[in-house]
Structures are given as C-alpha cells and as structure tokens.
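See structure below.
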Amino acid sequence: MSSPVVGLVGNPNSGKSSLFNLLTGLRQRIGNFPGVTVEKKSGTLTLGGFPPVELIDFPGAYSCYPTSLDERLVVQELTNPKGDLFPDAILYVADVTKLDKHLLLFTQLRDLDLPMILVLNMSDLIENNGLQVDVPKLSQRLGVPVVTVSARESLGVAELKQAIGDLLRNPKAFRPEEPFYEPGALARDVLADLRQELPARNDYHALLLTHHASWLKHVPEKTRHKVQQARVNNEFHSLRAQVEETMERYDNFEPIVKATVRHAGDQSSVSDRLDNTLTHPVFGPVIFVTLMLLIFQALFAWSGWPMDGIEWFFGQLGGGVRATLGEGWLTDLLVDGIIAGLGGVLVFIPQIALLFFFITILEEVGYMARAAYMFDSLMQRFGLNGRSVVALISGHACAIPAIMSTRTIANWKERLLTILVTPLTSCSARIPVYVILISFAVPKDYVWGLGYQGLAFAGLYFLGILSAMLSALAFKLLLKSRERSFLMLELPDYRTPVWRNVGVTVWQKVKAFIVEAGQVILLISIVLWGLSSYGPAAEMAAAEARAAEMVTAQNLDEVAAADLLAGEKLEASYAGHIGKFIEPAIRPLGYDWKIGIALFTSFAAREVFVGTMATIYSVGSAGGDEDGIRVRERMAAEVNPRTGKPVYNRATSWSLLVFYVFAMMCMSTLAVTKRETGGWKWPAIQFTFMTVLAYVSAMVVYQLMV
C-alpha cells in the first residue's frame with residue numbers, strides 16, 4: 001500500500017496550522033510547492049493499519065475564485081487529479097465560532113467530489129461562547145463526517161484519527177446526494193461545447209477549469225484557446241458567474257448552519273473590547289512602537305548568559321582540538337577556520353531564537369492581523385498595502401518567507417513594492433553584525449532603566465523600516481498602475497498562544513538558520529582559511545623575514561611575535577591581496593583591507609561578516625587556543641598602522657552598521673525575488689538601489705563623525 005496523502009485546507013485563521021502541529025509534532029519537513037516559492041509544510045501522521053500518512057498544510061484560502069497567489073496555488077493543486085500533491089482525502093478545518101463564514105470553500109471542494117472530513121476547530125470555545133452544535137445533524141446535512149477538535153487543548157485527536165482512517169478505507173461512504181450548486185444555463189452551454197476538451201471529474205470541476213484555464217498550469221495551451229473561444233461564443237462572463245455562484249452557495253448552506261449551530265446571544269466580545277484600545281488611531285501605534293522597543297531590549301537583556309555559554313563551549317572545543325591534535329595545518333584549519341568561523345556566528349543563536357519567539361507569539365495571539373488593519377491607511381500613502389505590514393514584520397525574522405507572504409497581496413504594484421523594500425527591514429542574519437558593532441559604537445550605559453545599546457539596536461530596526469517606507473514611496477512615484485487597492489482581512493479573536501506552536505516554530509526556524517547559515521559559513525570559512533593562510537611563495541617568505549626582523553628589533557615576547565607574524569602573513573596572503581585590491585573603494589567609508597575581505601565574503605550572506613572576522617583574526621594568532629573565541633576582543637584590539645588608533649572606532653562602527661542596514665547581502669533573497677517577479681530585472685534593480693544607498697549612507701556617516 002502506497003503512503004496516503006491527506007491535505008489540510010481551510011480559511012486563514014481557522015487554526016489549521018495549529019492542528020497540523022498537533023498531528024505531526026516535530027515530524028515536519030519544510031520545502032516549496034513544485035514550481036513556486038510558496039513554502040510547503042508537510043509532516044508524517046501515524047494511523048493504525050496504514051503506512052505513514054503524509055499530511056500537507058495548504059495555504060489558507062477563502063474561495064476557489066482566488067484573489068491572491070496563495071489561493072491560486074490551492075486551486076491549482078486541488079483541480080489537478082494527476083498532480084503529485086493531489087490528496088487522497090481532505091481535512092477541511094473551520095472555526096466553529098465562525099462556521100457561516102468558513103463554509104464557502106468547503107462546499108466548493110465538496111462539489112469537486114473530494115473525500116472530506118469537516119473538522120470543527122476551537123471546540124473549547126463552544127461553551128464559552130454559548131454555542132450549541134448538533135454535530136450528527138450537521139454531518140447528515142453536509143454529507144461528510146464532522147469531527148470537533150481543539151488544537152489548542154489537544155481535544156478530539158483520537159476521534160479525528162479514527163475518522164481519517166475510516167475515510168481512507170472507504171472514501172465514498174459519505175457522499176452528498178445532490179451538489180450544493182448547479183451551474184447556470186450559460187455555464188452549461190459552455191461546458192457542453194468543452195465536454196470533450198476538459199479532463200474533468202464532474203461538471204463543477206469542468207466549470208472551474210473554464211473559469212481559470214488561462215493560468216492553470218495543468219491545462220494545455222491548445223485547450224486554453226478553445227476555452228476562451230467557447231466563453232466568447234456563449235457570452236459567458238466569468239466574474240458575473242462567480243458572484244451568482246457565491247450568493248447561491250450562501251443561500252444553500254446558511255440555513256444548514258442556522259439549523260445546527262445556535263448562539264446564546266450577541267454580546268461584545270473580549271476581542272472587541274481589546275480592539276477599542278489596541279487598534280485605536282492614537283493609542284494603537286503608540287502601543288505597537290512600545291511593544292517593539294520592549295522586544296529589542298529583551299533581545300539584549302535575556303541573551304547574555306546563553307551567549308557567554310556558547311562562546312565558552314566553542315573556546316573549550318578549539319582549545320581541546322589544538323591540545324589533542326598538536327600543531328599542523330589540519331589543526332589550524334579546524335580551529336582557526338571551521339570552529340572560529342562557526343563559533344563566531346552560532347553564538348548569536350539565543351538572540352535569533354528570542355526574535356522568532358516574540359514574532360510567533362504576536363502571530364499566535366492575533367496581533368499581526370491587527371497591525372495590518374491598523375496601518376493599512378498609512379501603508380497606502382507609501383504605495384503599500386495593510387498586508388505589507390505582515391511582510392515587513394516577518395522580514396525581521398527572515399526576508400525570504402516575508403517575500404513569499406506577499407502572495408496574499410492582490411494588487412500587483414503593491415506586491416512588487418513590498419517585495420523590493422522588504423529586505424531593508426533588519427532580518428535575524430543582521431543580529432550578529434549589529435551586536436558586535438554596537439559594542440564599539442555605543443557605550444554600555446542606561447537611561448530610565450533602558451540600555452543605550454538596546455536603544456541603538458531598536459533604532460537600527462526602525463531605521464530599516466523608515467528606509468523601506470521611503471523607498472516604497474519613491475518607487476510608487478516611478479511606477480504607474482491603474483489597479484485598485486483593497487484590503488480584505490479577517491480579524492481573528494484574541495487567544496492565548498498555543499505554546500506547542502511557538503516551540504515548533506522557533507525550533508524549525510533556528511534549525512533552518514543553523515543548517516543553512518552553517519553550510520555557507522563552513523564553506524566560506526574553509527575557503528577563507530586557505531586564502532588567508534597561503535599566498536605567493538616569495539611574498540610569504542618576505543613577510544616572515546620582515547616579521548623576524550621586527551621581533552628582534554622590538555624585542556617582542558612570544559605572544560606578540562606570533563601576532564605580528566600572523567598579521568604580516570595575512571597581508572601577504574591571497575585574502576590580503578583581495579582586500580588590498582578593493583581597499584581604495586571602501587577607504588572613504590572608514591574601512592581597511594581586512595574589513596574589505598569581510599564585506600566581500602558577506603555578500604553571500606550577511607551573517608558571514610562575523611564569521612569572516614573570527615577567521616581573519618584567528619589565522620596564525622596565538623589567541624586561537626584555550627583563551628577562547630573572543631572575536632569582539634580581537635576586533636577591539638585591532639589598530640590602524642597608519643594612525644595608531646583603533647580600527648573599530650565610533651565612526652567606522654556606525655558606518656558599518658548603516659552599511660549593513662541598507663546593503664543587499666543575501667543571494668537567497670535575490671533568488672526568491674527573481675522567482676516571485678519572474679525574471680532578473682527587479683532583483684537587479686533591488687540589488688543596485690540597496691547597494692548604492694548603503695555605500696552613500698555609510699560614507700556620509702563616516703565623514704560626518706570622523
């Protein structure tokens with residue numbers, strides 16, 4: 001028996017993802033749907049008597065008549081019976097407290113003759129909201145199994161698994177005698193003309209193919225032309241037909257809901273009362289900004305001890321490896337290259353985990369949707385959309401899924417502007433750079449209980465947001481579009497976070513950071529160690545001779561002699577040649593050739609900057625032993641040989657901070673932009689304008705502060 005595939009489908013905010021986490025736990029895989037960059041979450045569900053069941057969490061959708069790219073993907077996969085992701089059964093998840101709003105898509109999928117179970121989530125709220133649900137009658141009227149669950153309280157899981165098993169054994173056991181909707185006369189005429197052309201399971205399947213043939217990938221080009229001709233010949237107006245169908249479906253299922261779900265009475269909910277303050281035109285934005293400030297303060301305040309612990313671990317690891325293996329090129333590669341590079345970045349995992357932790361909580365409690373609603377009018381002035389707020393906030397974790405989330409923005413221009421400016425928001429990969437440079441740029445003092453360094457950290461994030469907004473405004477004036485803008489958004493009730501969801505999300509994101517960033521850093525650290533340890537033979541020999549003369553002339557001790565030799569050999573190495581080559585271009589920004597090496601390597605990924613610094617200042621240095629990997633201390637001790645002053649003074653540090661706020665240093669983000677916009681034109685524009693903005697801004701900051 002092959003592994004069954006079960007799809008999780010439902011409206012946004014139905015609790016679908018919470019149910020997915022409950023059923024799969026940590027047995028999840030993250031990838032992309034075939035041919036698109038929308039994130040696909042799949043997991044393994046264990047049922048007695050079946051091989052492992054693959055559970056696919058489809059993006060949230062409201063209807064089979066999509067207004068966003070996420071909804072298009074759902075329609076694309078569920079109208080393609082020959083596709084790899086076509087499910088054997090569907091779990092349709094609906095919020096039991098909003099059932100009348102969540103059944104439109106359900107009835108459409110049921111008319112596609114897809115084996116389904118209706119999962120009424122939030123069952124723990126039935127009693128609290130004064131609801132009475134006649135589950136057997138609802139199941140009989142809808143013609144599908146109905147199961148009540150609470151993903152929040154882990155209720156109803158056994159019953160749901162039993163129902164899934166029964167449905168997979170006999171998928172036709174529950175089948176409605178009549179469809180919820182019959183196509184009208186014009187639609188029937190079109191379908192009659194196309195009956196031999198469309199590979200449809202039934203009339204409603206054929207009708208959806210008729211509506212969407214122009215963009216459905218599994219419809220052949222030849223068929224698309226015939227569909228268009230049939231629509232013209234029969235004067236079939238797609239939009240009018242969609243409206244008529246939607247109204248008829250509501251007329252059919254609303255009486256079922258009224259007959260099976262009874263409300264105790266309408267009262268002002270807790271969510272409504274909270275929204276009076278949290279989405280207030282004045283208090284709402286103030287609360288939002290205050291919340292962001294507290295989050296950034298917490299990133300500094302709560303991460304100190306775990307960061308020290310990770311730093312100590314890598315220091316002990318490096319010292320242990322050197323003591324075990326002894327001196328040699330392999331030891332130098334492991335300690336100065338790999339361990340130094342990885343340790344210099346992975347030490348920031350506590351802050352990254354905290355950032356994902358806070359963002360996930362905001363999503364869980366329903367605050368992110370309020371932020372989109374609250375700032376929609378402001379976003380419109382800058383050419384963006386209320387949903388752009390979700391992308392910009394998500395961009396503080398990672399720009400890649402944030403850019404993917406713009407698929408929910410229906411307006412092409414607003415979506416494009418959001419894609420272009422989202423990388424300006426400071427993602428988690430910038431955290432290592434910010435933390436290490438803020439320690440040089442800002443004193444460790446406090447005002448009103450708030451640390452200057454934490455305020456500077458928050459200021460960099462707000463600078464990124466401000467630059468994103470102003471850049472969007474500039475693009476808005478340059479790009480012209482007549483497409484109208486609108487925001488269609490359901491505000492979920494405020495709920496306490498499902499800590500299982502929070503934990504799973506933080507684990508997945510941190511794991512992805514370790515694996516993806518670790519691979520890049522590992523590769524670059526090895527290459528950089530080689531470039532930094534070797535160079536033209538004659539120049540390396542001359543560097544050693546020059547260092548020996550200086551040691552004798554200055555009567556240096558063993559540690560100082562080792563550091564001097566390391567510096568001379570690094571400058572003569574291949575990496576030194578690269579740094580010297582680009583130094584004239586970056587000198588106006590206050591950077592030397594060593595910083596130039598880090599800038600060069602970090603164009604692959606921003607977080608590589610700190611790993612590169614750790615490798616550069618470890619190669620050949622006496623500090624790479626049991627003293628531990630203290631890249632901050634080594635950077636602080638770096639002196640400009642021309643001026644005799646610290647390299648990382650306040651002017652240079654602020655210049656670097658501003659550069660990293662604005663610079664596009666993530667090849668993965670450019671690749672996603674290319675996939676989402678369909679070509680290299682917009683990624684090239686994005687990279688160019690961000691790089692120019694970073695260079696000019698950093699130069700101005702340095703020249704004003706020097």
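Suppose we keep only residues that are without any contact (Cβ under 8 Å) to a residue 12 or more places away in the chain and polar (S, T, N, Q) within the range 144-189. Which one would you say is farthest from Pro52 (Cα to Cα)?
Per the criteria, the residue is Asn170.
If we keep just the residues of the range 65-78 that are in contact with a Lys or Arg (Cβ under 9 Å, 6 or more places away or on another chain) and of a type outside the set (Lys, Arg), which is most open to solvent (accessible area, probe 1.4 Å)? It would help to see each step written out before you state the result.
We begin by selecting, within the range 65-78, every residue in contact with a Lys or Arg (Cβ under 9 Å, 6 or more places away or on another chain); these are 66, 68-73, 76.
From what is left, the residues that are of a type outside the set (Lys, Arg) are 66, 68-71, 73, 76.
Working: Pro66: 31, Ser68: 15, Leu69: 53, Asp70: 25, Glu71: 7, Leu73: 12, Gln76: 27 Å².
Taking the candidates together, the pick is Leu69.
Look at Gln686 and say whether it is in contact with a Leu (Cβ under 7 Å, 6 or more places away or on another chain), part of a helix (DSSP H, G or I) and polar (S, T, N, Q). Before you say what the answer is, go through the steps one by one.
Values: in contact with a Leu (Cβ under 7 Å, 6 or more places away or on another chain): yes; part of a helix (DSSP H, G or I): yes; polar (S, T, N, Q): yes.
Against the criterion (in contact with a Leu (Cβ under 7 Å, 6 or more places away or on another chain), part of a helix (DSSP H, G or I) and polar (S, T, N, Q)), Gln686 qualifies.
Just wondering, is there one or more residues in the range 280-290 that are in contact with a Phe, Trp or Tyr (Cβ under 9 Å, 6 or more places away or on another chain), open to solvent by 60 Å² or more (accessible area, probe 1.4 Å) and assigned to a helix (DSSP H, G or I)?
Yes, some residue in the range 280-290 is in contact with a Phe, Trp or Tyr (Cβ under 9 Å, 6 or more places away or on another chain), open to solvent by 60 Å² or more (accessible area, probe 1.4 Å) and assigned to a helix (DSSP H, G or I).
Right, Lys137: open to solvent by 10 Å² or more (accessible area, probe 1.4 Å), farther than 24 Å from Arg387 by Cβ, in contact with a helix residue (DSSP H, G or I) (Cβ under 6 Å, 6 or more places away or on another chain) and not aliphatic (A, V, I, L, M) or not? Full working, then the answer.
Values: open to solvent by 10 Å² or more (accessible area, probe 1.4 Å): yes; farther than 24 Å from Arg387 by Cβ: yes; in contact with a helix residue (DSSP H, G or I) (Cβ under 6 Å, 6 or more places away or on another chain): yes; not aliphatic (A, V, I, L, M): yes.
Taking the combined requirement at face value, the residue satisfies it.
May I ask you to list the residues in the range 649-674 that are surrounded by fewer than 17 Cβ atoms within 10 Å (Cβ to Cβ) and of a type in the set (D, E, K, R)?
Arg650
How many residues does the range 383-415 hold that are among the hydrophobic types (A, V, I, L, M, F, W, C) and either touching an Asp or Glu at 6+ places or on another chain (Cβ under 7 Å) or surrounded by fewer than 20 Cβ atoms within 10 Å (Cβ to Cβ) (or both)? Spell out how you get there, then give the answer.
In the first step, residues of the range 383-415 are kept if they are among the hydrophobic types (A, V, I, L, M, F, W, C); the result is 384, 389-393, 397-400, 402-404, 409-410, 412.
Among the residues that remain, those that are also either touching an Asp or Glu at 6+ places or on another chain (Cβ under 7 Å) or surrounded by fewer than 20 Cβ atoms within 10 Å (Cβ to Cβ) (or both) are: 384, 403-404, 412.
So the count comes out to 4.
Among the residues of the range 359-382, which ones are without any contact (Cβ under 8 Å) to a residue 40 or more places away in the chain, within 17 Å of Pro492 (Cα to Cα) and open to solvent by 30 Å² or more (accessible area, probe 1.4 Å)?
Glu363
Give the residues of the range 99-125 that are open to solvent by 30 Å² or more (accessible area, probe 1.4 Å) and assigned to a helix (DSSP H, G or I), sorted by residue number.
Just the residues of the range 99-125 that are open to solvent by 30 Å² or more (accessible area, probe 1.4 Å), to begin with: 100-101, 113, 124-125.
Asp100, Lys101, Leu125, listed by residue number.
Which one is farthest from Ala512 (Cα to Cα), of the residues in the range 317-338 that are open to solvent by less than 20 Å² (accessible area, probe 1.4 Å) and among the β-branched types (Val, Ile, Thr)? Talk me through it step by step, then tell me what you get.
Within the range 317-338, the first condition is being open to solvent by less than 20 Å² (accessible area, probe 1.4 Å), and the residues that meet it are 318-319, 331, 335-337.
Of the ones still in play, those that are also among the β-branched types (Val, Ile, Thr) are 331, 335.
Values: Thr331: 28, Val335: 24 Å.
For the range 317-338, the residue satisfying everything is Thr331.
The values are calculated or read from the model by the stated rules, or taken from the named source; none is laboratory data. On a predicted model such as this, the values are computed, not experimentally measured, just so you know. So basically every Cβ, Gly included, is an ideal-geometry build from the backbone, and we count neighbours across all protein chains shown. Keep in mind that these areas ignore ligands, DNA and RNA; they rest on the heavy atoms of the full protein, side chains included. Shrake-Rupley method; radii C 1.70, N 1.55, O 1.52, S 1.80 Å.
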